[in-house]
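Report on one structure; see the data block that follows.
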Amino acid sequence: MDALQRYGTQFPSSRAFIAIPLYEELEALLEQMFGYPAIAAASTSLAHISNIPVLVTKDDAVILDHQVHASVHNAVKMVKAMGTHVEMIRHSRMDLLEDRIKKLSQKYDRVYYMADGIYSMFGDGAPVEDLYALMDQYEQFHLYIDDAHGMGWTGRNGSGYVLQRIPFHRKMILVTSLNKSFAAGGGATICPDMQTKELIRRTGSTLIFSGPIQPPLLGAAVASAKFHLSDECPVRQRALSDRLEYFVNLAKRHDLLLVNEDRTPIFFLAVGKPDIGYKLCRRMMDLGYYMNIAVYPAVPYKNTGLRITITNH
């Protein structure tokens, strides 16, 4: 409410010209959370559109995971149009990835693998330990990872799934969401160094030519960041972790066909064809249980499922 009363419902200027003080406060708090330079953006999707054309050149190659978020695909189309080599590999297949790294490194300056930390459909986590080892092994290999669905509910200070499992790598860019479990608005890019942060901040298109995060959402993000840095955050994380364990145990007891049993807040119950999925989804909602139906083109036509999210509420 303080942000709303002081700055209004919307601040009309691009941040490149003038910005309200909450931006600097938020980024300072994010840097405390993650331990690395941070840039706040109006959304995660706009962060990708800002970052990828700045980081990737026509002398680089991009490998997309088959299930990486659509917002990453959209941003990659921009560099593909400029001549960057882009290809896709099967989901989380590290053997295929390593083979492509070896081959593409002979022709391109850098090889970027673009993936999610937690994948939004099935709730499975990227094999980040293997990715870290590949970054150590191959100097030309870089990781660009979207941990929007890993934010908040896990990791030190709620820094997410990726950093809960591996340290920040000098050849890694981490993008996350200030929506979802962060309960505010916007996105954030975590950079390995100040040079990369300043490059994106000064040349990223959506940071220059798009509007800012609305002041009320900036205020909410500042409050949320302070919560994540407090002693209450790990208490909430443990409570959710207990619920995830309880849900998986119940699903096993009742022989529910979960595609993935990773203890993340997203589960995918496979049902087959879309008509079955619609009927089951409606039946569950009639019983008072909200679920998303995941259908083509988000998943293959015959891989329809119910997407179940677990919260502390």
query: Given labels modelled 7 Å from the Cα in the Cβ direction, how far is it in nm from residue 195 to residue 96?
result: 3.5 nm
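In what sequence do 248, 111 fall when counting other Cβ within 10 Å, fewest first? Don't jump to the answer; show the numbers that get you there.
On the way: 248 17, 111 23.
Placing the least packed residue first, the sequence is 248, 111.
Determine, for 104, 22, the number of other Cβ atoms within 10 Å of each Cβ, and report the residues in order from fewest to most.
Numbers: 104 20, 22 23.
Taking fewest neighbouring Cβ atoms as first place, the list is 104, 22.
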- request: Apply the Karplus parameterisation 6.51 cos²θ - 1.76 cosθ + 1.60, with θ equal to phi minus 60°, to every residue of region 287-293 and state each ³J(HN,Hα) to the nearest whole Hz, in sequence, with x for glycine and proline.
  value: 8, x, 10, 7, 9, 8, 9
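Take every Cα-Cα pair in the chain and report what % of them are more than 34 Å apart. Numbers along the way, then the final one.
On the way: 12349 of 48828 pairs.
So the portion of pairs separated by more than 34 Å is 25 percent.
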query: Which lysines have a Cα lying under 20 Å from the Cα of residue 58, excluding residues fewer than 8 positions away in the same chain?
result: 77, 80, 102, 103, 107, 171
query: Residue separation times 0.36 nm, minus the C-alpha to C-alpha distance between residue 136 and residue 82: what's the value?
result: 16.5 nm
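Please find the FRET efficiency linking residue 2 to residue 229, where r is the Cβ-Cβ separation and R0 is fixed at 22 Å, and quote it to the nearest 0.05. Write out the running numbers ahead of the final one.
Values: r = 19 Å, r/R0 = 0.85.
Using R0 = 22 Å, I get an efficiency of 0.70.
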message: I want to check the label-to-label distance for residue 19 and residue 260. Put each point 7 Å from Cα in the C-beta direction and report it in nm to one decimal.
response: 3.2 nm
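Let's test the formula: R0 of 30 Å, r as the Cβ-Cβ distance of residue 253 and residue 156. What FRET efficiency results, to the nearest 0.05?
Details: r = 33 Å, r/R0 = 1.09.
After rounding to 0.05, the efficiency reads 0.35.
Quick check on the chain: helices-only [θ] at 222 nm, where DSSP H runs of length 4 and up contribute -39,500 (n - 2.57) each and the sum goes over total residues. Nearest 500, please. Please list the in-between numbers first.
On the way: 12 runs with 133 residues, N = 313.
It lands at -13000 deg cm²/dmol.
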query: When the chain is modelled as a GNM with alpha-carbon springs shorter than 10 Å, which of 65, 146, 255 fluctuates the most?
result: 255
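Could you tell me what percent of the DSSP beta bridges with both partners in the chain are antiparallel, to the nearest 5? Don't skip to the answer; put the middle values down first.
Values: 19 of 38 bridges.
Here the share of antiparallel DSSP bridges comes out near 50 percent.
Going by C-beta contacts inside 10 Å, put 161, 296 in order with the fewest on the left.
Values: 161 24, 296 11.
Taking fewest neighbouring Cβ atoms as first place, the list is 296, 161.
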task: Taking a cut-off of 12 Å between Cα atoms, list the aspartates and glutamates near residue 302, but don't count ones fewer than 8 places away on the same chain.
output: 275
- line: From the Cα centre of region 121-181 to that of region 212-244, the distance in Å is 19 Å
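Laboratory data are not the source of any read-out in this text; all were calculated from the coordinates shown. On a predicted model such as this, the values are computed, not experimentally measured, just so you know. Don't worry about glycine lacking a Cβ; one is built from the backbone with ideal geometry, like all the others, and counts go over all protein chains shown.
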